[in-house]
Amino acid sequence: MEEMGRAASTVALTLACAVALWVAPPARAGQVMRVDGHKVTRMDDPSVPSRADGDLGVEAVLPRAEASAAPGISASAAKAKKPTRGQKAVASALKSARAKRAISVAALKRYTRLYGLARSRRAKLKGRRGRELGSVIATLEAVALRGQLTPSRIVPMFLILRRNTQFWLRSPFPGNRGYVQFKGSQLLFEYYVGEGLQLQPLANFKKANQLHGACVKRTGVACDRTALSKLLGELVDTRVRRRKFTAWEYYFDFGGGRPPWISGMATATGIQAFGRAGKLLRTTRWRRYAKAAMPAFTTNAPTGVRTRGPLGGTHYLQYSFAPRLYVINAFLQSIIGLYDYAGITGDKTAATLWRRAEPEARAELPRNDTGDWSTYSFSGRESTREYYDLLLEFSVSLCHRLHAKAYCDTARNFRGYLIKPAELALLGPTSATPGREARVRFSVSKLSAVQIVVTHENGKTVLDKTQTFRRGTGSFAFKPGATGTYAVSLAAKELRTGKGLRTQTSGQIVSSSP
């Protein structure tokens, strides 16, 4: 009977998540710049993820001693006739790859010509265009100088170089974190100010999932299996060997993290995308790429994405270079991606991986609930609205998948914070003395703009002030100028949801001589 009671409770909780919270929203379309030679078109594309869905998030900020941003090469440096150490390192890496027969003679010549063109174009470009291209060249040279321009990294890094060499000649500037796509390719590049266009694995795997979704859900968007297959094929071509596993790396400085680095969220989303596409396209060939990426979750950072979580369990990192930054939405998506792949394919390794980290995720999530909002990372800053919505979505997803109370309760809390006005209570005082300052105290349950209006019984308003307060208690200073009864009116307008939810309460203070 006790087990039946627990089962019924779990079913009820799951139904509450499904009905009382929300149905997971449809994929949000993002904007992309399409480059076709000299022609550039800005358009909304339902297969392109929104910024929140595909973005890497808030930059990690490493201690100054750990930061290692490489400056871009200047126009004068690009014009220099004598080869620099960076140039020599790139040439040496290309020759080494050829000696190992990792690239063909034709490829060696092609990469050498491209590198020369990039430096030549950098020497001619002025202002921001030159600096953006110079940053990409400098990163390539810095990676080569560290001996990290391995044969497998040549393909993605020279692809990034080629696209930046092409783009910055005359294309209009994207917005920061804006997506760019080139004719003949399904790959998305993302613009990071000062870093140029960068190949963005997370955005591309999210795009693959949205192309898949159009084929299995009623989204109103046409199913395009050819685009899905082409995108994944292009992503396979950009994979690299990172110690003993396959990875999709990032090749730019981000919050002090030195390239190349990887993301657990991007890796798990890629594993999920390969599993979904394999089922849709009725092929098992994508599975070997997913399988080859899984050791990232058993390898400690900074090579892999595994670390010890803040509560002692296994945590999967958003950024491999930041082992003590515990980004909760990225962690939850890593669990979801591995869970989904295990469910689709029956893969035991993926199942072991999500089960190993899920208890830590279940324990961490409620600690990212502030009581009226969420935090972006463990003991970190509050989420932006975009990342709040994303965390709510992931909490709901895990509630549906695992039926665990922690996910369902936290998701219910997060949903409630969006639709409930602030709770506001006047705490006192009820009496005061003329000429002496009193503090009108109150409690408010959400970040709000709180207005106080105090009116004497003769109808004269003696105080009208508005101030922002966080969740908790607050007060306004009030000094009655005469005896009598003062009406106190408090109003709170919460500030996060954009809905202008309001709450009011009132009371009175009697002022009398001592």
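In the set (i) 97, 69, 44; (ii) 91, 63, 47; (iii) 67, 59, 48, the label that goes with Cα extents along the principal axes in Å computed for this structure is (i).
The dipole here belongs to the chain: it is taken about the Cα centre, uses +1 on the Cβ of Lys and Arg and -1 on the Cβ of Asp and Glu, and is about 3060 debye.
Projecting the Cα positions of S379, V462, A222 onto the charge dipole of the chain (unit charges on Cβ atoms of Lys, Arg, Asp and Glu, taken about the Cα centre) puts A222 furthest along the positive direction. Here is the list for segment 266-367: trypsin sites (Lys or Arg not before Pro) lying in DSSP coil, each with at most 16 other C-beta atoms within 10 angstrom of its C-beta, are R282, R285, R324.
For the peptides 381-391, 152-162, 256-266, 416-426, the ranking by mean Cβ contacts within 10 Å, running from highest to lowest, is 256-266, 152-162, 381-391, 416-426.
Counting only aspartates and glutamates at least 8 places from K291 when in the same chain, those with an alpha carbon closer than 17 Å to its own are D237, E249, D340, D347. May I ask you to work out the translational diffusion coefficient for segment 257-359 at 25 °C, viscosity 0.890 mPa s, via Stokes-Einstein with Rh from the Kirkwood sum over Cα pairs, reported in whole µm²/s? Translational D for this selection: 183 µm²/s.
Under the simplified labelling scheme, the R110-T298 pair shows an inter-label distance of 3.6 nm, with each label point 7 Å from Cα along Cα→Cβ.
Of all complete DSSP H helices in the chain, those with a Cα span along the helix axis of 20 Å or greater and a mean Kyte-Doolittle hydropathy of -0.5 or more are 2-16, 85-99, 127-145, 151-167, 201-216, 264-281, 328-345, 385-402, 405-419.
Remark: for residue pairs K39/K95; K405/K499; K95/K230; K206/K499; K420/K465; K88/K206, the C-alpha separation exceeds 27 Å in K39/K95; K405/K499; K95/K230; K206/K499; K88/K206. The slack between T284 and T219, meaning 0.36 nm per residue of separation minus the straight C-alpha distance, is 20.8 nm. Could you let me know the centre-to-centre spacing of segment 88-132 and segment 331-400, using Cα atoms, in angstrom? Computed from Cα coordinates, the inter-centre distance equals 41 Å. Considering only DSSP states other than H, G, I, E and B, which chymotrypsin sites (Phe, Trp or Tyr not before Pro) in segment 164-242 qualify as loop sites with at most 15 other Cβ atoms within 10 Å? Those that pass, being in a loop and sparsely packed, number zero.
None of the figures in this text is laboratory data; all of them are computed from the coordinates on show. All of these numbers come straight from a predicted model, not from anything done at the bench. Cβ sites come from the backbone with ideal geometry, for glycine too, and all protein chains shown count toward neighbours.
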